[in-house]
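Down below is the structure, laid out as structure tokens.
The values are calculated or read from the model by the stated rules, or taken from the named source; none is laboratory data. No experiment lies behind these values; they were computed from the predicted model shown. Cβ placement follows ideal geometry from the backbone for every residue including glycine, while neighbour counts extend to all protein chains displayed.
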Amino acid sequence: MVINAENMEYADVNELIRSSESKSVTVKNTLGHRYIGCGTSGKTITVEGIPGNALGAYLNGSKIIVKGNAQDAIGDTMNDGEIIVHGNCGDTTGYAMRSGKIFIEGNAGYRVGIHMKEYKDLFPTIVIGGKVGDFLGEYQAGGILIVLGIGAEGCPVGSFCATGMHGGKMFIRSETAPCGLPKQVICEEASDADKAGIKKYVDEYVKNFGGNSAELLSSKFWKLVPNTASPYKQLYTQN
């Protein structure tokens, strides 16, 4: 099914996507249409143009491919599925994401992975190919964040990285570690075993966008995890 979104309201575009019996939907002439693919299951949605905010919000198993840049709140509270952006994206990518995968070819804005969480076999993953803005992994509670820093000069993350992080892991490809990390976070150079653990995600990135997985993984990565010896004690009631 092909939807021409030109001169259409975003609600009408989304209703066509939801009501379509086709498992493959292409949306052409997209320009700021919000909530594309919101809550959908079992579909492959290809977006041509620039979608608006909350692309794939509450996504429940569909695959969304964006042939260009995207805006804010991609994958907001998504439950499952996959979002692949052939370009850059805005702020709060993967906000409160519960499971599934998000791959961004280029750069991302502020607060990527904020409130990401995992539960049993529900495990979210975000891979950013370029650099990210401030507050990466803010309040991260689970899952994996990977920043490959392709084409970036210096450390590819902004200020206040891992603020409030109390779960999950973060891997940053860089010669230098992020600056100004909170004491509640441990940052150390990733081991060969750590890199082996994220190889499948780097391989998927390369499969989606091109590149050389072995070359990327041969670089230095930094692993960030919560410091259990110095947790965010003020968040919990003392006995």
Residues of region 1-44 being among the basic types (Lys, Arg) and modelled with pLDDT of 95 or more, in sequence order, are LYS23, LYS28, ARG34, LYS43
Can you pull out every residue in region 199-234 that is surrounded by fewer than 10 Cβ atoms within 10 Å (Cβ to Cβ) and at pLDDT below 95?
THR228, ALA229, LYS233, GLN234
For HIS166, the lone unmet condition from (1) under 16 Å from VAL202 (Cα atoms); (2) surrounded by fewer than 24 Cβ atoms within 10 Å (Cβ to Cβ); (3) in contact (Cβ under 8 Å) with a residue 60 or more places away in the chain is (1)
Selected residue (only one of CYS187, CYS161, CYS179 is part of a strand (DSSP E or B) and either more than 18 Å from GLU215 (Cα to Cα) or more than 19 Å from the chain's Cα centre (by Cα) (or both)):
CYS187
Close pairs (9 angstrom Cβ cut-off, 6 or more residues apart or separate chains): within 14 Å of VAL147 (Cα to Cα) in region 203-218, modelled with pLDDT of 95 or more and of a type in the set (Gly, Ala, Ser) anywhere:
ASP203/SER213; TYR205/GLY129; TYR205/GLY211; TYR205/SER213; VAL206/SER213; LEU217/ALA196
Residue hits (region 27-43; surrounded by fewer than 17 Cβ atoms within 10 Å (Cβ to Cβ), over 17 Å from ASP72 (Cα atoms) and not small (Gly, Ala, Ser)) are LYS28, ASN29
Go through GLU15, GLU48, GLU6 for me and flag whichever is without any contact (Cβ under 8 Å) to a residue 12 or more places away in the chain and farther than 19 Å from GLY129 by Cβ.
GLU15
Going by what's in this entry, would LYS63 be described as in contact with a strand residue (DSSP E or B) (Cβ under 8 Å, 6 or more places away or on another chain), crowded, with 20+ Cβ neighbours inside 10 Å and of a type in the set (Lys, Arg)?
yes
Pairs where the first residue, in region 65-86, is at negative phi and the second is assigned to a loop (DSSP other than H, G, I, E, B) and of a type in the set (Asp, Glu), C-beta under 7 Å, 6+ apart
ASP72/ASP91; VAL85/GLU105; HIS86/GLU105
Looking at region 11-26, is at least one residue in contact with a Gly (Cβ under 8 Å, 6 or more places away or on another chain), on the phi < 0 side of the Ramachandran plot and part of a loop (DSSP other than H, G, I, E, B)?
yes
Is it true that some residue in region 192-208 is in a loop (DSSP other than H, G, I, E, B) and closer than 17 Å to ILE128 by Cβ?
no
Looking for whichever is touching a helix residue (DSSP H, G or I) at 6+ places or on another chain (Cβ under 8 Å) and of a type in the set (Ser, Thr, Tyr) here; the options are TYR119, TYR35. Which one fits?
TYR35
Modelled with pLDDT of 95 or more, crowded, with 21+ Cβ neighbours inside 10 Å and closer than 20 Å to CYS38 by Cβ - does that describe any residue in region 122-140?
yes
